[in-house]
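Down below is the structure, laid out as structure tokens.
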Amino acid sequence: MTAVLESTTCADLSVNETSCDTAPFASVCGSDLVAPLADGSAVTYANFDYAASAPALSSVAARVQDLLPFYASVHRGAGFASQVCTERYEGARGVVADFVGAREDDVVVFTRNTTDALNLLASCVPGETVVLDIEHHANLLPWNRNGARVVRSAGTVEETIQRIVAELCTRPAALLAVTGASNVTGEVLPIDRLARIAHECGARIVVDAAQLLPHRRVDISDLGVDYLVFSGHKLYAPFGAGALVGRADWLDAADPYLAGGGATKNVDLDDVQWAAAPQRHEAGTPNVLGAVAIAAACEALAGFDADEAELHERILCDRLVAGLSDIDGIEILRVWPDSADAVGIVTFTVAGAEPREVATFLSDNYGIGVRDGRFCAHPLLARLGHGEGAVRASLGLGSSSADVDRLIGAVADFVRGRATSSAAGR
């Protein structure tokens with residue numbers, strides 16, 4: 001299944017409004033968390049911050065809990081616990097590879113997160129990188145070390161793609177780096193088409209899938225993607241791990257990302273023989289629990305019906321967009337009016353209000369958690385005319401229509417309160 005799917009709205013379903021009432025799709029940790037309110041009462045927390053860190057799936061937490069009694073360092077250990085952890089850690093590579101459709105000769109390198117994975121890849125790229133200006137800083141700043149050529153996105157997807165083509169044709173580039181889904185607007189680019197363009201121009205492509213993979217099934221073999229990076233903490237897996245999946249040759253030719261134990265075949269005082277990837281770039285004691293958690297999340301997500309999970313998200317996202325659009329002074333941010341797909345991220349501004357003011361009101365009075373600020377995408381926010389920031393509500397498998405309705409009502413309450421205060425002050 002490709003990453004770009006046809007858009008479906010609630011209106012397209014030919015069902016009545018009641019059937020759009022949607023319960024959580026899957027069980028996540030913290031679903032019963034109670035948040036204190038400013039008036040001294042408390043309410044069940046409504047989490048709209050999935051794009052920052054998705055809560056762990058309950059099945060993932062159980063998998064990690066099961067491994068804790070075996071906690072031991074991996075590799076080179078003959079003890080029972082070490083053998084178990086080594087088997088689970090190395091087995092996690094296969095699970096991740098299968099989940100993202102890796103080719104037989106691809107490697108899976110476990111990292112700390114997406115940022116770490118992109119910095120690792122940047123240290124291995126034998127040439128310049130072309131990147132869009134809409135990227136998260138993790139997929140913008142690392143390329144400076146090997147010559148970043150930043151393309152300014154245009155007003156439509158098609159025009160933006162043509163600008164990428166023009167830049168790649170200007171002079172050779174080693175790599176095209178693109179986001180799978182914007183962490184600000186959720187919009188998805190046609191990854192398979194960009195992969196073909198990159199290859200026709202003699203470049204490889206890396207996809208920052210931190211926001212895409214939790215929402216869409218991605219097969220890098222089908223899409224023609226050379227490298228994929230993502231974070232466990234956005235994929236319903238805790239404990240700070242990520243992964244770089246892709247072609248081995250650049251990784252094998254580059255200096256180790258970290259110099260240390262585990263990355264070597266042999267060491268003497270005059271020479272070091274480095275191991276091949278993935279071990280070459282995993283010096284030190286790895287995050288075994290994090291890798292196992294990622295694998296458990298991949299297995300859980302693979303077990304869900306992908307179309308049903310996407311439909312659950314689309315119903316809620318459409319409901320949220322429609323509700324916010326009916327409130328005076330709300331602007332919902334978009335990069336391209338012609339983008340064909342978007343994951344469950346809705347970023348908006350309230351006229352005359354600071355983003356932190358809105359987020360604090362929602363938390364203190366309604367027990368709602370959103371993200372405010374510039375989302376580590378400062379150039380994009382400036383492009384959209386909101387360099388001071390915005391408010392981001394992001395959805396996931398644990399979201400429900402009741403949560404969405406609470407958020408819409410809370411934002412409407414905030415706007416009414418500001419209007420009343422303004423009228424009283426005249």
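Would you please give the FRET efficiency between residue 266 and residue 44, computed as 1/(1 + (r/R0)^6) with r the Cβ-Cβ distance and R0 = 60 Å, to the nearest 0.05?
It comes to 0.60.
What nm value, rounded to one decimal, do you get for the distance between residue 420 and residue 145 when each label is placed 7 Å out toward the C-beta?
5.5 nm
Taking the Cα centre of the range 59-303 as the origin, how large is its charge dipole in debye, to the nearest 20, when only Lys and Arg (+1) and Asp and Glu (-1) carry charge on their Cβ atoms?
That gives a dipole near 380 debye.
Loop-only check: which GluC sites (Glu not before Pro) in the range 316-391 are DSSP coil with at most 14 other Cβ within 10 angstrom?
Counting only loop positions with at most 14 other Cβ atoms within 10 Å, the GluC sites (Glu not before Pro) in the range 316-391 are 388.
Per DSSP H run of at least 4 residues, take -39500 (n - 2.57); add these up for the chain, divide by its residues and hand me the 222 nm value, nearest 500 deg cm²/dmol.
Helix-only estimate at 222 nm: -11000 deg cm²/dmol.
For Cα extents along the principal axes in Å, the listed values are (1) 80, 56, 44; (2) 80, 55, 38; (3) 74, 57, 45; which was obtained by calculation from the structure presented?
Only one listed value fits the structure, namely (1).
If I model a spin label as a point 7 Å beyond the Cα along the Cα-Cβ vector, how far apart are those points for residue 360 and residue 80 in nm?
5.6 nm
Calculate the FRET efficiency for residue 285 and residue 402 from the Cβ-Cβ distance with a Förster distance of 56 Å, rounded to the nearest 0.05.
Approximately 0.80, to the nearest 0.05.
Would you mind checking the range 175-192 for residues with the amide N under 16 Å from a putative spin-label position 7 Å along Cα→C-beta of residue 221?
Nothing falls inside the zone, counting backbone N under 16 Å.
Full extension from residue 307 to residue 322: what is 0.36 nm times the residue separation minus their Cα-Cα distance, to one decimal in nm?
3.2 nm
What is the extension gain from residue 137 to residue 334, computed as 0.36 nm multiplied by their sequence separation minus the C-alpha to C-alpha distance, in nm to one decimal?
Gain on stretching residue 137 to residue 334: 69.1 nm.
Have a look at the DSSP beta bridges in the chain and tell me what percent are antiparallel, nearest 5.
DSSP beta bridges in the chain are roughly 60 percent antiparallel.
Would you work out the charge dipole size for the chain about its Cα centre, treating the Cβ of every Lys and Arg as +1 and the Cβ of every Asp and Glu as -1, and quote it to the nearest 20 debye?
It works out to roughly 880 debye.
Report the residue, chosen from 208, 116, 341, that carries the largest GNM mean-square fluctuation when the chain is represented by alpha-carbon nodes joined by springs under 10 Å.
Of 208, 116, 341, the Gaussian network model singles out 341 as fluctuating most.
At R0 = 22 Å, how high is the FRET efficiency between residue 104 and residue 199 if r is their beta carbon distance? Nearest 0.05 is fine.
With R0 = 22 Å, the Cβ-Cβ based efficiency is 0.70.
With a/c under 1.5 counting as rounded, go ahead and sort the range 59-303 into rounded, prolate or oblate using the C-alpha gyration tensor (a ≥ b ≥ c being the square roots of the eigenvalues; past the cut-off, prolate if a/b is larger than b/c, else oblate).
It comes out oblate by the Cα gyration axes.
Put +1 on the Cβ of each Lys and Arg and -1 on the Cβ of each Asp and Glu in the range 81-164; which of 95, 122, 144 then has its Cα farthest toward the positive end of the dipole?
144
Bear in mind that the values in this text are calculations on the coordinates, not laboratory data. Quantities reported herein were computed from a predicted structural model and do not represent experimental measurements. Neighbour counts are summed over all protein chains in view; Cβ atoms, including those assigned to glycine, are modelled from backbone coordinates with ideal geometry.
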